[in-house]
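The values are calculated or read from the model by the stated rules, or taken from the named source; none is laboratory data. Not measured: the values here are computed from a predicted model. Glycine gets a Cβ as well: all are built from the backbone with ideal geometry, and neighbour counts include every protein chain shown.
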Amino acid sequence: MPLNYSKFDLLVDSDDDKPDPKARAVEEQQKMLQEMQKQAEESRMAEKKQAEAQKPSHQKDRFAYAEGDCSELARELLKSCLQKASSVKVGNGVLSVATVEKVEGESSTFRVRGQLRHTWDLNFKVKWTYQWMGANFDEGPQRAEGAVAIIEF
């Protein structure tokens, strides 16, 4: 019959390995760290849910939209671009923008489903000049002036 020594497992002998006190301290620190990380994650999730609940509906819903008025910026930008337009050689002369008389209208931006969209309804009037050299020497340089009005651009 084989001998069963299991009843002696609870006895501490001199040859048994003693637990390392440093290892036990490290295990306790790891457990505390895991608990702290878990609590921090729970608090972050709670803050995130609270912040989400406080957002307006157009920020929660991806199909909602927001709008902004940028009319003044659009008018100034169009006017400056028209004034800076370079001269164009046409036939025997040069066509250039003399002045920008007026720029009117509205412009808006919309954010629909996360995409930025632009709408505008602008009117402007530009005076132009065309300068060319006459057919013979006696005529000298010639000049023609005009205006172009663009409605509902």
Legend entry - Filtered residues of the stretch 95-126 (kept if of a type in the set (A, V, I, L, M, F, W, C) and over 26 Å from the mean Cα position of the chain (by Cα)): Leu95, Val97, Ala98, Val100, Val103, Phe124, Val126
Inset, instruction - Only residues that are among the small types (Gly, Ala, Ser) and at pLDDT 75 or above: list them for the stretch 40-72, please. - result: Ala40, Ser43, Ala46, Ala51, Ala53, Gly68, Ser71
Inset, instruction - Can you confirm whether the stretch 129-139 contains a residue that is within 19 Å of Glu72 (Cβ to Cβ) and in contact with a Lys or Arg (Cβ under 9 Å, 6 or more places away or on another chain)? - result: no
Inset, instruction - Identify all residues within the stretch 100-149 that are β-branched (Val, Ile, Thr) and surrounded by 13 or more Cβ atoms within 10 Å (Cβ to Cβ); write none if there are none. - result: Val100, Val103, Thr109, Val112, Val126, Thr129
Inset, instruction - Taking Gln37 as the residue in question, decide whether it is farther than 30 Å from Val126 by Cα, modelled with pLDDT of 80 or more and in a helix (DSSP H, G or I). - result: yes
